Amino acid sequence: MNSQIDIVPVTGKGELNAFIDCAYRLNADDPNWVPPLRADMVELLTPGKNPFHEHAKVQLFLARRDGEVVGRISAHYDELALAQPPEQGMGPGTGNWGMFEAVDDVVAAALIARAEEWLREQGMTRVLAPISLSVWEEIGLLVKGHDHPPMLLMGHNKPEYEGWIEAQGYETAKRLFTYDLDVRQGFSPLIERIISSGERSSKITVRRVDKSRFDQEAAICIDILNDAWSGNWGFVPFTEAEKAYGAKKLKPLILEGANMIAEVDGEPAAFMLSWPDINHLQKNFNGKLFPFNWAKLLWWLRNPQDAGFRVPLMGVVKKYQNSRLASQLAFMMIEYIRRYAVEKHGAKRGEVGWILEDNQGMVAIADAIDSQVNREYRVYGKTL
């Protein structure tokens, strides 16, 4: 344990592969860790493949002890995040680190110190972490919910990381929750009356996403998202390249009946996305699609059965926020997705989130449908 720890920057393909492999090796003994697809990890971390790199600077680091890789970390900053108002969490001088893995607290301390040093060299004065790599990907450290696997696009880490990070002077900046829901059960009479009232209104239309017009539908959802979330903590807007990239990546997960757009007086007013949880299938892939796993995945996505569904994103345009209409639209979309998932795909559970701890509107909706917090993530802050 007293051997020297070397923290080296990732500079080539071999080191990038070692960086990616580190997570598979260090989490191999965790039955609830879901190996991401290796091809997705290469794409995420490669400039020219992931448009995040067009407005961000990223440096990856490996930790070695006696020649063996014993940890990793990314240090990065996003020019779009730097341009956000400081009161919304990001703002000038705010850098990040993420993609964090370590075998022990000594390695963890060395990795975090090197990431902080790099961020200072780039002119950063504070750090929010872990964020891997942007707020639209994996954000926060899992501090509650280690006893079950995450749904798709949610992180999972060793419980020891919480103490190791806090020992380096990090304090909680924000808590994020996911909510678990038994979707086989209908909602309370009050919620049903709210939904029925919306169905009788000539002003409101809630419709399924039309996959034959996928590009236009995706643009509608992202435009609502950019408007609805623009005042939220941690918000960073999508670029046009990211809109196209995200739509292409997520299209295979789109089942028309599980994704809704709400219109008020014929104008898009809200959306809700729900995706079948591919993690329970991908868990046994060990990060590889070839030679046969790609066919298993595509076949399953044609008609997923007994799958959980995750609601990762929803939004209501600002003009209707903080109104009864906003919650009415949300309840209507949730109920329509619930019915579809149960009747068509035999779904038993759903997960909503992540939701910011102080997003009172969404927390109230989650409480109203009798969902329960099943996972808590923590974003830490520190002055550099």
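The values are calculated or read from the model by the stated rules, or taken from the named source; none is laboratory data. In this text the structure is predicted, and so the values were computed from the model without any measurement. Backbone-built Cβ (ideal geometry, glycine too); neighbour counts: all protein chains shown.
Points to keep in mind about this one:
- Helices (runs of 4 or more DSSP H) fully within the stretch 156-254 that include at least 1 residues being in the same structural domain as Leu356 (by TED's automatic domain parsing), within 22 Å of Gly308 (Cα to Cα) and among the aliphatic types (A, V, I, L, M): 240-250.
- Scanning the stretch 99-125 for residues that are at negative phi and either assigned to a strand (DSSP E or B) or not assigned by TED's automatic domain parsing to the domain that holds Glu162 (or both) gives Phe100, Glu101, Ala102.
- Of the residues contained in the stretch 34-57, none is found to be under 14 Å from Leu128 (Cβ atoms), modelled with pLDDT of 95 or more, of a type in the set (Asp, Glu) and not assigned by TED's automatic domain parsing to the domain that holds Asn293.
- Qualifying residue in the stretch 143-153 (condition: outside the structural domain of Trp233 (by TED's automatic domain parsing) and under 16 Å from Tyr170 (Cα atoms)): yes
- Residues satisfying the stated conditions in the stretch 23-68, i.e. within 23 Å of Phe238 (Cα to Cα), over 19 Å from the mean Cα position of the chain (by Cα) and acidic (Asp, Glu): Glu54
- Any hit, the stretch 268-284, residues being of a type in the set (Asp, Glu), at pLDDT below 95 and on the phi > 0 side of the Ramachandran plot: no
- The residue list Phe238, Phe285 contains one member that is touching a residue at least 60 places away in the same chain (Cβ under 8 Å) and under 28 Å from Val206 (Cα atoms), which is Phe238.
- Filtering the stretch 275-287 to residues that are surrounded by 12 or more Cβ atoms within 10 Å (Cβ to Cβ) and either touching a strand residue (DSSP E or B) at 6+ places or on another chain (Cβ under 7 Å) or assigned to a loop (DSSP other than H, G, I, E, B) (or both) leaves Trp275, Pro276, Asp277, Ile278, Lys283, Phe285, Asn286, Gly287.
- Scope the stretch 288-315; condition assigned to a loop (DSSP other than H, G, I, E, B) and free of Cβ contacts under 8 Å to residues at least 60 places away in the same chain; matching residues: Phe290, Pro291, Phe292, Asn303, Pro304, Gln305, Asp306, Ala307
- Residues (in a strand (DSSP E or B), basic (Lys, Arg) and crowded, with 17+ Cβ neighbours inside 10 Å) located in the stretch 25-84: Arg64, Arg65, Arg72
- Checking each residue in the stretch 316-348 for being part of a loop (DSSP other than H, G, I, E, B), touching a residue at least 40 places away in the same chain (Cβ under 8 Å) and either closer than 15 Å to Ala258 by Cα or out of contact with any helix residue (DSSP H, G or I) (no Cβ under 9 Å at 6 or more places or on another chain) (or both) picks out Gly346, Ala347, Lys348.
- The set of residues in the stretch 343-384 that are touching a strand residue (DSSP E or B) at 6+ places or on another chain (Cβ under 7 Å) and of a type in the set (A, V, I, L, M, F, W, C) comprises Ala347, Val352, Trp354, Ile355, Leu356, Met362, Val363, Ala366, Ile369, Val373, Val379, Leu384.
- Consider the stretch 213-224 and keep the residues that are touching a residue at least 12 places away in the same chain (Cβ under 8 Å) and surrounded by fewer than 18 Cβ atoms within 10 Å (Cβ to Cβ). The one that is farthest from Gly257 (Cα to Cα) is Asp223.
- Put simply, of Asp210, Asp227 the only residue that is surrounded by 14 or more Cβ atoms within 10 Å (Cβ to Cβ), of a type outside the set (A, V, I, L, M), on the phi < 0 side of the Ramachandran plot and touching a residue at least 12 places away in the same chain (Cβ under 8 Å) is Asp227.
- Condition met for Lys288 (of a type in the set (Lys, Arg), in contact with a helix residue (DSSP H, G or I) (Cβ under 7 Å, 6 or more places away or on another chain) and modelled with pLDDT under 90): yes
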